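A short write-up of the structure that comes next.
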Amino acid sequence: METLLKVDQIQKYYGNKDNITKAIDGISFEVEEGEFIGIMGASGSGKTTLLNCIATIDNVSSGHIYLNKRDITEIKEKDIAKFRRENLGFIFQDFNLLDTLTIEENIALILTINKISEKEIDKKTIEIAKKLGIEDILNKYPYQVSGGQKQRCASARAIVNSPKIILADEPTGALDSKSARQLLEIMEEMNKKMKATILMVTHDPLSASYCSKILFLKDGKIFNKIERGEKERKQFYNEILDVLALLGGDTRDVR
Amino acid sequence: MLGKLSIRNAKRQAKDYIIYFITVAISVALMFSFNSIAVSEDISDLSTMLKDFSKYITGISVAIILIMAWLINYTMKFMLEKRSKEFGTYQILGLEKKDIANIFTLENMVIGILAFVIGIGLGVFLYQILTSIIMNLFNQPYQIGITFSLEAVGKTAVFFFITFILVLWNCRRKIKKTKVYDLLYAEKKNENNIIKNIKGNAIIFILSLILMIGGLVIANGEVDKINANEKADYIVPAIIMLIIGVFLFYKGITSFLVKRYLDNKSRKYKKNNMFLYRNLTSKINTMTITISITALMFMLIFIGGNIALLYNNMLNNEIEMSFPFEILIQSNDDDFTKYKEYIEENAQVKNMYEYRIYYINNTGIANALKDTNFRNVASYGYDSVLSLTDYNKLREMVGADKIELQDNEVVVNTLKTVKGNVEEYANKSNSLQIADRNMKIKGIEDENIGQVSFNGDYYAIIVPDSLIEEISKEDEIVRNENERLSGKGYIYKLVVETEETTSEEFYEGLEDCMDKEERQVTEVVNGEEITYTIEVEDERVEVKGARTSQTRSMYTIVSFLAFYLALIFVMATATLLAIQQLSDSEKYKYRYDILQKLGMDKKDINKMILKQILFYFAIPMIIPIFIGIPTTLIVSRTVLSAITIEEVIRNIGIIFGIFILVYGIYFIATYIQFDRNIEEKR
Ligand SMILES: Nc1ncnc2c1ncn2[C@@H]1O[C@H](COP(=O)(O)OP(=O)(O)O)[C@@H](O)[C@H]1O
Ligand SMILES: [Mg+2]
């Protein structure tokens, strides 16, 4: 397998000279094509910041991030939008759907931004909606459907353009456990059947147990790394809990 | 407790409240400054010659109150919608609807009172500017200073608080009626479900076209009636048809566009159409109403402004036609010495000429005017006659060539606008019976020598000098109207051309030269003979300079008021569009943020913002242009006897230019601010 994403010694500071927050303090790791990577850590450990840096939504203070050997920290401001729409897919905790568009249009939106031909858009939209089980609600507006359905719509939007990597920030954060499980199964399918590379930030061990590899962050540093390998999910889940116990502090919050 | 909560929340929404506050304060300022003008002595002194002045003022006051009421109503409802989620949350926390309504009322009362005070302050300032502009227009000295009319404050307070309380009361009712769910989700809800119910939007669209065209056709017919001095009963229905037509048109066109762009996937997915149209249609009901009201306002401004300009042109043309020379004097006395002395002393004479106008029995030419606005001439029973020598001299004074006549020939000189009619008549009956002689009409001239009732009513017959003696005896001076109507005799005329135009004081001095004769009049009232004396002016003095300045000042004040009103209209509606766009920009910011995260180019985002704002500002203009132009043309037909079509078109251009300027400034400002709001912290 090829290395898709390479994060090389990145740091991210917030604040001024007198009061610096080291949100990320020297993180390096690699993601291979087809992996489903989880990033775990307590609240405030730097997960979102890391994801935003990879997503080119935020700039690193130092270090480099390579996607397919291209240094994305060096991309010029005017080329960033193009890079994002061609390479990245997003799933956010609060869905980030547009209230004014129907579910179908929300999915199609990313394709129109990528200037795909109109016929192709329609075909792809319906195809992905079927795969994610939301073809019945295509003509509804976001406020008319449940959170789980919204998040599936967001997932459809993230994958419909076949991005190199899908970035998900606490996608199950606003969902009940049943919807969360449904979503995770879908993401697993996206990863296994559609060969999507996914990088998911979460602080929920159940969500993390769907991943193939997990990085644990603490105070902006990588604290630990585990891989699922051929293990059962249940077993992997227990392993995650063990690491979290080691991480200490707010494991109660995590469960 | 409630008060504290409410103040804290008001602070949090300060940005929206500032817009709201400014709108209300500006409304108060506009209303107050106008009321101040209405009660100001400076202004009313100026307008003594304007008999309908108070009528105009009242009319405009009413219009301003309506606009302000609309603006306040709109902004308050807007604030209510903005805070609906917060109010919903309160309700979930267990607050009574009544308490929430009280919070809202309290906040608004505080804001209303503050805005009123600030608005009055602003209004004092605005009034000073307006007054000095008006005084400047009339060349009157005016000292800017703080004048403050309690009457105007009182009036403004009454108007404002009545409106304010009514609107507030309406909002309270709304709060009490609305369900929690609707409050919580008001912001997220889209209004486009309505569209789906309108299956027959094509029918609505066609109906609107029928109504508008029908209204125009009827109006056109009514103008014919007005021209023919008949009663025009269908003007109001025609206007109502136009108004309903405009509303339906906008209802129809929005759903038409939505259908066209959103029901067809290949169109929808093209470029960034989808996002843009959904943005626009998510508020379709609000939008339709705002747009059609805006459109109606613009139509009013457009048509009103055009009519004002048309009448100005007409007045100017009328003056030009009535006054080929600076001074016109008519007398039944051939002694003009007093006048001449005065004129020579007070003005620089270029040319001066004395002559006579003779009256003869109606020759039938008047019948030529049967189909014109001047048809009543036919009943006068006399025609006016000028000798060839006098006519040629007058022609020379206005810069035209001499003409010649055979002994049996005459020429008819007419007002430009009726020349065609007289020519048509002369083609049919080519000869006239004058003093028992058969005279041939040699031709029709239209030299402007004062054909509006000075040298004949709309036309005069020019005869060879030899014929004059047969027409009139030396002693047949016309002494009064009855003698003239009998169609014989003559009267003395003096016309003077001066180097420069004269003033009103000059005119007053000239009037004092007139002979005023005391005459005994005997009348039989209830079988009793009563004799009394009246002062009769047998002479007539008219001066172009004085008339011009009177007309000017009347026109200036009317057009100033009209302009003021139009400006308020444009500003009110443009403010409204701007408010709607800008205070929604937070919502839009969220949407555009998502687009940017998804990888849309900044350039494309800016283009979309421009398109969106352009749509809001441009759509309301469509109908006013398409209806305003034909309406102006129709209205101008009532005055076409005094104005050319080129002038009408020029007027349309001027009105349109001013309008575009003010509106354009608003548009650009809105776009820049909107872009800035979106850009903020992105
Ligand atoms: N824009 C910002 N300005 C200042 N500090 C920030 C900002 N964003 C995040 N931080 C800080 O950086 C640290 C990491 O934040 P974040 O990445 O959001 O954590 P997580 O997503 O793991 O909960 C926290 O201490 C947070 O307070
Ligand atoms: Mg986070």
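Check segment A:200-208 and report whether any residue there is under 19 Å from A:GLU170 (Cα atoms) and open to solvent by 60 Å² or more (accessible area, probe 1.4 Å). Step through it out loud before you land on a result.
Step one: filter segment A:200-208 for residues under 19 Å from A:GLU170 (Cα atoms), giving A:200-208.
Retained after the next criterion (residues that are open to solvent by 60 Å² or more (accessible area, probe 1.4 Å)): A:203.
Looking for residues that are under 19 Å from A:GLU170 (Cα atoms) and open to solvent by 60 Å² or more (accessible area, probe 1.4 Å), one finds at least one in segment A:200-208, hence yes.
A count restricted to segment B:365-383 and to residues that are open to solvent by less than 20 Å² (accessible area, probe 1.4 Å) and more than 38 Å from the chain's Cα centre (by Cα) stands at 2. Only one entry of B:LEU565, B:LEU595, B:LEU576 meets the criterion of being at pLDDT 80 or above, open to solvent by less than 40 Å² (accessible area, probe 1.4 Å) and hydrophobic (A, V, I, L, M, F, W, C), and that entry is B:LEU595. Taken over segment A:178-206, the criterion of being free of Cβ contacts under 8 Å to residues at least 12 places away in the same chain and of a type outside the set (D, E, K, R) is satisfied by no residue.
Within segment A:38-88, being touching a Ser or Thr at 6+ places or on another chain (Cβ under 7 Å) and within 16 Å of ligand 2 (Cβ to nearest atom) holds for A:GLY38, A:MET40, A:ASP58.
Within segment B:121-180, the set of residues being buried (at least 16 other Cβ atoms within 10 Å of the Cβ) and either of a type in the set (Val, Ile, Thr) or at pLDDT below 75 (or both) comprises B:VAL124, B:LEU130, B:THR131, B:ILE134, B:MET135, B:PHE138, B:VAL153, B:THR156, B:THR163, B:VAL167, B:ILE175, B:THR178.
Of the residues screened, A:THR48 is not one that is more than 16 Å from ligand 1 (Cβ to nearest atom), more than 10 Å from every other protein chain (Cβ to nearest Cβ) and among the hydroxyl-bearing types (Ser, Thr, Tyr). Is it true that A:THR202 is at pLDDT below 95, within 16 Å of ligand 2 (Cβ to nearest atom), under 12 Å from A:PHE36 (Cβ atoms) and of a type outside the set (Lys, Arg)? Judged against the criteria, A:THR202 is a match.
Exactly one residue out of A:SER177, A:SER155 is of a type outside the set (D, E, K, R) and farther than 25 Å from B:ASP604 by Cα, and it is A:SER177. Does segment A:90-107 contain at least one residue that is part of a helix (DSSP H, G or I), closer than 20 Å to A:THR197 by Cβ, within 10 Å of chain B (Cβ to nearest Cβ) and away from ligand 2 (no atom under 16 Å from the Cβ)? Checking segment A:90-107: not a single residue is part of a helix (DSSP H, G or I), closer than 20 Å to A:THR197 by Cβ, within 10 Å of chain B (Cβ to nearest Cβ) and away from ligand 2 (no atom under 16 Å from the Cβ). Every condition in (1) in contact with a helix residue (DSSP H, G or I) (Cβ under 6 Å, 6 or more places away or on another chain); (2) away from ligand 2 (no atom under 16 Å from the Cβ); (3) modelled with pLDDT under 95 holds for A:GLY248 except the one numbered (1).
Consider B:GLU447 carefully, then state whether it is within 30 Å of B:SER549 (Cβ to Cβ) and modelled with pLDDT of 85 or more.
On the way: within 30 Å of B:SER549 (Cβ to Cβ): yes; modelled with pLDDT of 85 or more: yes.
Judged against the criteria, B:GLU447 is a match.
For A:GLN11, the conditions (1) away from ligand 2 (no atom under 14 Å from the Cβ); (2) in a loop (DSSP other than H, G, I, E, B) all hold with the exception of (2).
Examine segment A:1-10 for a residue that is surrounded by fewer than 15 Cβ atoms within 10 Å (Cβ to Cβ), more than 22 Å from A:PHE92 (Cα to Cα), among the hydrophobic types (A, V, I, L, M, F, W, C) and more than 10 Å from ligand 1 (Cβ to nearest atom), and state whether such a residue exists. Yes, the conditions are met somewhere in segment A:1-10.
Condition check ((1) within 25 Å of A:GLU227 (Cβ to Cβ); (2) touching a helix residue (DSSP H, G or I) at 6+ places or on another chain (Cβ under 8 Å)) across all residues:
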site	(1), (2)
A:LEU4	yes, no
A:ILE10	yes, yes
A:LYS17	no, no
A:ILE20	no, no
A:ALA23	no, yes
A:SER28	yes, no
A:GLY34	yes, yes
A:MET40	yes, yes
A:ILE57	no, yes
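Residues in segment A:160-187 that are within 14 Å of chain B (Cβ to nearest Cβ) and either within 15 Å of A:VAL201 (Cα to Cα) or crowded, with 24+ Cβ neighbours inside 10 Å (or both) were compared, and the one that is farthest from ligand 2 (Cβ to nearest atom) is A:VAL160. Looking only at segment A:14-27, decide whether some residue is within 18 Å of the chain's Cα centre (by Cα), within 16 Å of ligand 1 (Cβ to nearest atom), outside any helix (DSSP H, G or I) and within 30 Å of A:VAL145 (Cα to Cα). No, segment A:14-27 contains no residue that is within 18 Å of the chain's Cα centre (by Cα), within 16 Å of ligand 1 (Cβ to nearest atom), outside any helix (DSSP H, G or I) and within 30 Å of A:VAL145 (Cα to Cα). When we screen A:ALA129, A:ALA156 for residues that are within 15 Å of the chain's Cα centre (by Cα) and either away from ligand 1 (no atom under 16 Å from the Cβ) or assigned to a loop (DSSP other than H, G, I, E, B) (or both), the only hit is A:ALA156. The single condition among (1) within 17 Å of B:ILE210 (Cα to Cα); (2) within 14 Å of chain A (Cβ to nearest Cβ) that B:ILE239 does not satisfy is (2). For segment A:22-36, the set of residues classified as more than 14 Å from ligand 2 (Cβ to nearest atom) and either within 14 Å of chain B (Cβ to nearest Cβ) or out of contact with any Cys (no Cβ under 6 Å at 6 or more places or on another chain) (or both) consists of A:LYS22, A:ASP25, A:GLY26, A:ILE27, A:SER28, A:PHE29, A:GLU30, A:VAL31, A:GLU32, A:GLU33, A:GLY34, A:GLU35, listed by residue number. Count of segment B:374-410 residues, restricted to those that are farther than 16 Å from B:ILE471 by Cα and outside any loop (DSSP other than H, G, I, E, B), is 12. Here A:GLY34 fulfils each of the conditions (1) under 21 Å from A:LEU184 (Cβ atoms); (2) of a type outside the set (A, V, I, L, M, F, W, C); (3) near ligand 1 (Cβ under 8 Å from one of its atoms); (4) surrounded by fewer than 23 Cβ atoms within 10 Å (Cβ to Cβ) apart from (3).
On the stretch given as segment B:331-349, residues that are within 19 Å of B:GLY509 (Cβ to Cβ) and under 43 Å from the mean Cα position of the chain (by Cα) total 11.
Residue count for segment B:595-614 under the criterion of being under 19 Å from B:THR575 (Cα atoms) and within 13 Å of chain A (Cβ to nearest Cβ): the result is 1.
Could you list, in sequence order, the residues of segment B:262-287 that are at the interface with another protein chain (Cβ under 9 Å from one of its Cβ atoms) and without any contact (Cβ under 8 Å) to a residue 12 or more places away in the chain? Passing the criteria: B:LYS265, B:SER266, B:ARG267, B:LYS268, B:TYR269, B:LYS270, B:LYS271. For segment A:108-125, the set of residues classified as more than 8 Å from every other protein chain (Cβ to nearest Cβ) and open to solvent by less than 10 Å² (accessible area, probe 1.4 Å) consists of A:THR125 only. Pairing each residue of segment A:164-177 that is on the phi > 0 side of the Ramachandran plot with any residue that is open to solvent by less than 10 Å² (accessible area, probe 1.4 Å) and polar (S, T, N, Q), provided the two are 6+ apart or on different chains, yields C-beta distances under 8 Å for A:GLU170/A:THR202.
The values are calculated or read from the model by the stated rules, or taken from the named source; none is laboratory data. Every value quoted in this text rests on a predicted model; they were computed, and no experiment measured them. Quick reminder, even Gly has a Cβ in these numbers, built from the backbone with ideal geometry, and neighbours come from all protein chains shown. Heads up: the accessible areas ignore ligands, DNA and RNA and are worked out on the full protein's heavy atoms, side chains in. Shrake-Rupley method; radii C 1.70, N 1.55, O 1.52, S 1.80 Å.
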